[in-house]
Amino acid sequence: MKFVCRKLIVAGLTMICLTGCWDRVEINEMAIVGLVGSEMDKKTQEQIVYYQIVNPEAFSSGSANGGSPVYTYIFRNKTKGGIGQKSSYMLPRKLFTDHYQSHIVTEDYAKEGLRSFLNYYERQFNRRSSLYLFITDSTLSEVMKTYTPLEKLPGRLLRSLIHNTHKATGQISLKSRVKDLVENLESSKITAMPIVSLKGTKPDHTTGRFENIDVSESNLILTGAALFKKDRMVGKISLWENGYYNILKGEAETFFQTIDINGRFVDLYANKVKTKQHLSLVNGEPLWNVEVNAHLAIRNNNQKEKLNWENVSQITEQFNQQIIVTSNKLYMKAIDNKWDMFGLGDMIKYKRGRDWKPLQKQDEAWLQTKLQLTVRSTIDDIGEIIDPFKEGEGNGAE
């Protein structure tokens, strides 16, 4: 009996020591942020931050009309730290930024430099290294008030656009996160971040947007890539150019390309894209050797002729040549603008051997680097037919 009593006493003392859920916060007590936008007021030098707050009731299965899926709050303050404190003046719930999907900054803000933004971000204990960073060339207030059909959370939509575009075309790299910009702050290497734009007219600021079947206009789309040297935006390129940039860097696993064969278009999807790089010296000059290997699938073929070995070889040769020509144009564009898009400066800096010493003593020696690009491709998938339907055949005509 005494043994049983002792066990009960020990169990009771143990239960007293348990804290339970004393620090639990209910979801309806939090203002969960899904997307954040930042810009600077040039006149007052105030920080302007847009918090897009998720409305859980809009996604509740038991709610017939939960209202807007997100609400956008705007706060202004001289300092970034003061923004969070100032939010308590307006928000009836505790601001919760631990799980927001994406961050958007304006082009003007990016050109001024994001070092203070990055310093503030890195100091936060709850920072997320996988957070995607977008630059917008549209009015930020309109972007942050845009309803997005299908995916009602704009922050999640932007994140999905990154992954979908990367898989479908290779024109966006998955290395478009805040951490990727931070890693290159002490390097001469250019960092590319996706540009998002508001397509068409100003967005509808009511939930009636979800009742409209035409959603192509007044929507958010990817339009290019912003180029950063350290923390400052120094230029931009199109999505099309960014695809070749990713190939040369080795960050494109897939690629989509349309080629012209005797006035007829052939759409090719490249997968299993592999890129090898090597920097060497030839007669005292740096030479960047890049070798690209790709497996191709024919997605569309407007040629009237039946596919044969000669035609297939012509397609692969044209694909290879187009990659080489366009990539060389992009490379020369980078050289002309002094954009070290491929980190050649750091490659030369850390090369070993006496032959590299003269170049390492020169400023911007990487500008002397020549590109030697080799592309090899094979067609693995030609589709279901090799002989296209011809006019007047199989349509009842005699």
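The values are calculated or read from the model by the stated rules, or taken from the named source; none is laboratory data. Here the structure is a predicted model, which means the values were calculated and not measured. Heads up, the Cβs are rebuilt from the backbone with ideal geometry, glycines too, and the neighbour counts pull from every protein chain shown.
Being under 23 Å from Trp339 (Cα atoms), at pLDDT below 95 and surrounded by fewer than 22 Cβ atoms within 10 Å (Cβ to Cβ) holds for only one residue in Gly200, Gly208, Gly113, Gly170, and it is Gly113.
Yes/no per residue for (1) more than 30 Å from Tyr147 (Cα to Cα); (2) among the small types (Gly, Ala, Ser); (3) assigned by TED's automatic domain parsing to the domain that holds Ile135; (4) in contact with a helix residue (DSSP H, G or I) (Cβ under 7 Å, 6 or more places away or on another chain):
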site	(1), (2), (3), (4)
Gly243	no, yes, yes, no
Phe265	yes, no, no, no
His278	yes, no, no, no
Ser313	yes, yes, no, no
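Keeping to segment 173-223, report how many residues are over 22 Å from Ser116 (Cα atoms) and not β-branched (Val, Ile, Thr). Qualifying residue count, segment 173-223: 22.
Condition check ((1) assigned to a helix (DSSP H, G or I); (2) closer than 24 Å to Ala31 by Cβ; (3) aromatic (Phe, Trp, Tyr)) across all residues:
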site: Tyr100; (1), (2), (3): no, yes, yes
site: Ser116; (1), (2), (3): yes, no, no
site: Ile135; (1), (2), (3): no, no, no
site: Ser141; (1), (2), (3): yes, yes, no
site: Lys145; (1), (2), (3): no, yes, no
site: Gly170; (1), (2), (3): no, no, no
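So in segment 10-52, with the set limited to residues that are of a type in the set (Gly, Ala, Ser) and assigned to a strand (DSSP E or B), which one is modelled with the lowest pLDDT?
Among those residues, the one meeting the criterion is Ala31.
For Tyr350, are the conditions met, namely being surrounded by 18 or more Cβ atoms within 10 Å (Cβ to Cβ) and not aliphatic (A, V, I, L, M)? Answer is no for this residue.
One line per residue, one yes/no per condition, for (1) more than 29 Å from Leu296 (Cα to Cα); (2) free of Cβ contacts under 8 Å to residues at least 12 places away in the same chain; (3) assigned by TED's automatic domain parsing to the domain that holds Ile48:
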residue: Phe117; (1), (2), (3): yes, no, yes
residue: Ser141; (1), (2), (3): yes, no, yes
residue: Glu151; (1), (2), (3): yes, yes, yes
residue: Arg156; (1), (2), (3): yes, no, yes
residue: Val182; (1), (2), (3): yes, no, yes
residue: Ile195; (1), (2), (3): no, no, yes
residue: Gly200; (1), (2), (3): yes, no, yes
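Whether a residue is within 27 Å of Leu227 (Cα to Cα) and aliphatic (A, V, I, L, M) was assessed, and Leu114 passes this test.
Figure legend. Inter-residue proximity from segment 287-298: first residues over 11 Å from Ile247 (Cβ atoms), second residues part of a strand (DSSP E or B) and hydrophobic (A, V, I, L, M, F, W, C), beta-carbon distance below 6 Å, spacing 6+ or different chains. Indicated pairs: Trp288/Leu279; Trp288/Leu371; Leu296/Leu268; Leu296/Ala270; Leu296/Ile379. When we screen Gln124, Gln47 for residues that are among the polar types (S, T, N, Q), buried (at least 21 other Cβ atoms within 10 Å of the Cβ), assigned by TED's automatic domain parsing to the domain that holds Lys236 and free of Cβ contacts under 8 Å to residues at least 60 places away in the same chain, the only hit is Gln47.
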